[in-house]
Ligand code: ARG
């Protein structure tokens, strides 16, 4: 083949490849959630949650994700001008989902704590909570310290789990770490644990919803106050700022207090 013909064919081949590549680029849809998609003017953020946590986040009879945390995020989204889509991930998968940018942020009654702050960023706090102990009505447990030699159930990798590890020892066989809080409570009711430890609102809700099971709660002043925040991939300042803008607005206009009945600065 002549040199010029060869060059011509090569040129066409290159042109075809680049047209093909441009075509691919234009046609590809965004799969990563990061930054959100623009839908009808408002961007949509994907929000991951563990919807096993009534009254904070749970599934209603129709299978919708609802709860106090959800109402709060809806209000934040409205105030800051974005749309939300909730996805039920479960508790532990939430953390890698943020890292992998499958979700833009997580809402799940997540306590802002030092350890998590090493790997994730948080919004400003929007809710205050503390640990609470749940035992059988006949139990003689009267304080957290009374759990030292007992079997205690918790939801795995929660602040309740950490508190119980501090008391019983990190590797204690007396800790029953369940995947969800309802499962942790079942372990106690079934006699596999003497007490369950978890966030106060969720423990109280369980007790109210299950009056036939004879249970009582035990408070302890040694539990520190915990502040819930929305959790974001480390370094995603843009989303943190957007969430804080919404949180600030619903603190100022009274909407947050209307939902939670708490005074948050
Ligand atoms: N506040 C506790 C923590 O951050 C428990 C949160 C559990 N939330 C849930 N939806 N399961 O560790």
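Computed from the coordinates by the stated procedures, all read-outs in this text should not be read as laboratory data. As the structure is a computational prediction, the values presented were derived from the model and not from experiment. Cβ coordinates were reconstructed from backbone atoms using ideal geometry, including for glycine residues, and neighbour counts include every protein chain displayed.
Would any residue of the range 177-195 have its amide N under 19 Å from a label point 7 Å out along Cα→Cβ of residue 59? List them or say none.
179-186
I'd like the projected area of the range 129-173, averaged over all directions, using the convex hull of its alpha carbons. Report it in nm² with one decimal.
Values: hull surface 13.8 nm².
One quarter of the hull surface, i.e. the mean projection, equals 3.4 nm².
How do 167-177, 225-235 rank on mean C-beta neighbours within 10 Å, highest first? Mind dumping the intermediate values first?
Numbers: 167-177: 14.4, 225-235: 20.1.
Put in order of decreasing packing, that is 225-235, 167-177.
With a 10 Å radius around each residue's Cβ, average the other Cβ atoms per peptide and rank 130-136, 140-146, 211-217, 152-158, highest first. Numbers along the way, then the final one.
Details: 130-136: 22.0, 140-146: 14.3, 211-217: 11.7, 152-158: 23.7.
Top to bottom by mean Cβ count within 10 Å: 152-158, 130-136, 140-146, 211-217.
Using Cα pairs under 8 angstrom and six or more residues apart, how large is the relative contact order of the range 94-200, in percent? Please report the intermediate quantities before stating the final value.
On the way: 129 pairs, mean separation 32.8, N = 107.
Once normalised by length, the contact order is 31 percent.
If we restrict to alpha carbons, what Rg and Dmax does the range 111-265 come to, in Å?
Rg and Dmax of the range 111-265, Cα atoms, are 17.2, 51 Å.
From the P(r) of the range 186-256, can you give the percent of Cα pairs sitting at distances over 19 Å? Mind showing how you got there, number by number?
Numbers: 1437 of 2485 pairs.
For the range 186-256, the fraction of Cα-Cα distances above 19 Å is 58 percent.
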